[in-house]
Every structure is written in C-alpha cells, then in structure tokens.
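Asks: The structure's right below; bear with me while I get my questions together.
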Amino acid sequence: MRVFLIVGALLAMALLGVGLKLSHDIKKILQESLNHLAPHIHAAPFECSGFKHIKCVSAGVKEPNLGPIVVRLSEVKSHGLEFQLDLAHIKIPKRWAPKSAHCTITLQLENATLLTQSHCKAPGELEYALGLDARLKDPKRPLNLKALLQTNDLKSLQAHVETLDIDLKSQNFKAVLLPFLQESGDLKDPKDYDKALAQLQKSFQGVVIVGLMIAGLQEEVTHAQELLKTFNAFATNKSDHFGFTVRNKDSAFKPLEAFNSPWEFLPHLSLKVHP
C-alpha cells in the first residue's frame, strides 16, 4: 500500500503542474515530470507527443516485464486533472498475473489537500478490479500545484487512505491458486488441495480473528468469518468472484512511512464483503 501511495504522490507532483500552463510547451513540462518519476518505478524514459490529446509513452519496466506504459491526459483543470494509465502487456509467466492493466486516476486539490481516486482493471485468467480513495497533504505548508510540480521531497507528505476496494473474478480460481500453493510449499500433492486450503483458512482465522478480538473489534469478527466463507467458495469454484471493501474509520493523516506497518491500522478498519 505504501508503494501505491508513493507512486500516486509522485504522479501528483509530476502531472498536476500541467494545469498551470496550457501552452505549446505542455508536452515538455509533462515529459520532464514523468521522467523524474520513471527512475522511482524503474521504467524507461517517457516521450510525449500530440497537442490537444497528449500521450506519453515509455518502453516500460524490464523486471518484471511490463510495458509499454502509456499516460494520456483526459482532462486538465486549474486545480486538478484526470489521466488514463495503460500497461499494454504484462509478461509474467504466472496464472495469477494479469495480461494488461488500465487505470483511471483523478487528482483534485481541495482546501490545500490533494484528493486522489484511482480505479484499475486488469484482465487475465484471474481478473482484477482495484479502487483506492485517498488524501495527501503537507502539514508544514498548504499544497498548491506549483509546489507539487517543483518539489522532489515526499518525506513531508502525509496520507489518509479512505477506502480500498478489491474485486477478483475467475471461472476457475482453483486452477490459479493450486500452483501458487505448490510454489509456496503449502501444497505437496494436488490431491490434497482441499486439505491445504482448510489449513490456510485455519491459520488465517487464528491470526486475524484473534487479532480483531484482542483489538476490541468483535463486530468485525463476523465480517472476517464472512470473508473466509466467501473466499472458500471462490477457491473451490463454487463462485466466480470474490471481493471486499476496507474502510478507514480513523480520520487522521499519517506519514507515508507509516504504511510500512499496515497492521497498525487494524483497529481503525471496517470490512465489507461484496455479495
């Protein structure tokens, strides 16, 4: 999650400044900003083209093999923008890995706070749909587009993740999960799949549910049990989808470094399993 937030913050700094100056050099500004971002995600340099419809392309990332990466500006305003992010090919030889990805990311400044909404879809044998709503701010000074464009320092930024949505879909998730369990060492013989799955669920129940009770979140225990039940139906091909929403009930902003320890957020999270 911390990596996602850092990339989002870097994209904000790289792209929001575009709204400052809609002129002939907009491509130059955007290209320079994206190429400041590129080393942070180990991507090849970006090259931008177009005038009204600007598109910036990178050959992608070598390891893992992702690319090309295409960023398209959809809408530019004085206080924010919307852009499309596409990964044309994701070449990871795993059944769980998607084949490509498409994201819509909206960034909006409101009262010196950056509001971010990200929605991604990644098709494959296992299809992913991800959503993240978050806020970023600098506690030392109000955020503005010019400062976001010019600063390279993320240490001062703080984040508040509001909601995280995860939806998975597969016609045969058992075929996706089985080799993953074999690689992890949790499954030796494919015939013991159901037994290994039950053991994993038992371990999950012993850690998470007990943790919820210790944290005084008895009301979330029922939701966690529902999550286990829904995942079991997905893992045994009795259902073709699985998803949930995590909502943060704590309104406080946290330094980006805090997301290195997501378990610290457990007492403030509310879980909703998708039907």
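The values are calculated or read from the model by the stated rules, or taken from the named source; none is laboratory data. Everything numeric here is computed off the predicted structure, so don't read it as measured data. Here the Cβ is made from the backbone with ideal geometry for all residues, glycine too, and neighbour counts use every protein chain on show. When the accessible area is computed, the model is the full protein with side chains, heavy atoms only, and any ligands, DNA or RNA have been set aside. Shrake-Rupley method; radii C 1.70, N 1.55, O 1.52, S 1.80 Å.
Asks: Scan 164, 181 and give me the residue that is at pLDDT 80 or above and in a strand (DSSP E or B).
Replies: Working: 181 fails: in a strand (DSSP E or B).
Selected residue: 164, the only one of 164, 181 that is at pLDDT 80 or above and in a strand (DSSP E or B).
Asks: On to the next question. So, in segment 134-144, of the ones that are part of a strand (DSSP E or B) and open to solvent by 40 Å² or more (accessible area, probe 1.4 Å), which residue ends up modelled with the lowest pLDDT? Please lay out each step first, then the result.
Replies: Step one: of segment 134-144, the residues part of a strand (DSSP E or B) are 134-137.
If we keep only those that are open to solvent by 40 Å² or more (accessible area, probe 1.4 Å) too, we end up with 135, 137.
Values: 135: 89, 137: 84.
The residue in question is 137.
Asks: Would you be able to say whether some residue in segment 145-161 is more than 19 Å from residue 272 (Cβ to Cβ), in a helix (DSSP H, G or I) and at pLDDT 75 or above?
Replies: no
Each row is one residue, and each column tells you yes or no for (1) open to solvent by 80 Å² or more (accessible area, probe 1.4 Å); (2) within 23 Å of the chain's Cα centre (by Cα).
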position: 198; (1), (2): no, no
position: 210; (1), (2): no, no
position: 243; (1), (2): no, yes
position: 249; (1), (2): yes, yes
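Asks: Could you please give the count of residues in segment 49-107 that are in contact with a helix residue (DSSP H, G or I) (Cβ under 9 Å, 6 or more places away or on another chain), among the hydroxyl-bearing types (Ser, Thr, Tyr) and either over 18 Å from residue 34 (Cα atoms) or touching a residue at least 60 places away in the same chain (Cβ under 8 Å) (or both)?
Replies: Of the residues in that region, 1 qualify.
Asks: Okay, next question. Limited to segment 184-196, what total is found for residues that are loosely packed, with under 11 Cβ neighbours inside 10 Å and either in contact (Cβ under 8 Å) with a residue 24 or more places away in the chain or not in a helix (DSSP H, G or I) (or both)?
Replies: Result for segment 184-196: 3.
Asks: Right, here's the next one. For segment 107-123, give me the residue count where each residue is at pLDDT below 95 and out of contact with any Leu (no Cβ under 8 Å at 6 or more places or on another chain).
Replies: Adding up the residues that qualify gives 2.
Asks: Could you please let me know if residue 47 is modelled with pLDDT of 75 or more and not small (Gly, Ala, Ser)?
Replies: Criteria met by residue 47.
Asks: If I filter segment 256-275 down to residues being outside any helix (DSSP H, G or I) and either modelled with pLDDT of 80 or more or open to solvent by 60 Å² or more (accessible area, probe 1.4 Å) (or both), which single residue comes out as nearest to residue 161 (Cα to Cα)? If you could, list the steps in order and put the result at the bottom.
Replies: First pass over segment 256-275, keeping only residues outside any helix (DSSP H, G or I): 261, 269-275.
With the extra rule that they be either modelled with pLDDT of 80 or more or open to solvent by 60 Å² or more (accessible area, probe 1.4 Å) (or both), the set shrinks to 270-275.
Working: 270: 12, 271: 14, 272: 16, 273: 18, 274: 19, 275: 23 Å.
Only one residue fits best here, namely 270.
Asks: For segment 114-133, name all the residues that are touching a strand residue (DSSP E or B) at 6+ places or on another chain (Cβ under 7 Å) and open to solvent by 50 Å² or more (accessible area, probe 1.4 Å). Spell out the reasoning first.
Replies: If we filter segment 114-133 for residues that are touching a strand residue (DSSP E or B) at 6+ places or on another chain (Cβ under 7 Å), which is where we start, we get 114-122, 126-133.
Of everything in segment 114-133, those that are touching a strand residue (DSSP E or B) at 6+ places or on another chain (Cβ under 7 Å) and open to solvent by 50 Å² or more (accessible area, probe 1.4 Å) turn out to be 117, 119, 121, 127, 128, 130.
Asks: Failed condition for residue 111, given (1) out of contact with any His (no Cβ under 6 Å at 6 or more places or on another chain); (2) surrounded by 15 or more Cβ atoms within 10 Å (Cβ to Cβ), with all others met?
Replies: Exception for residue 111: condition (2).
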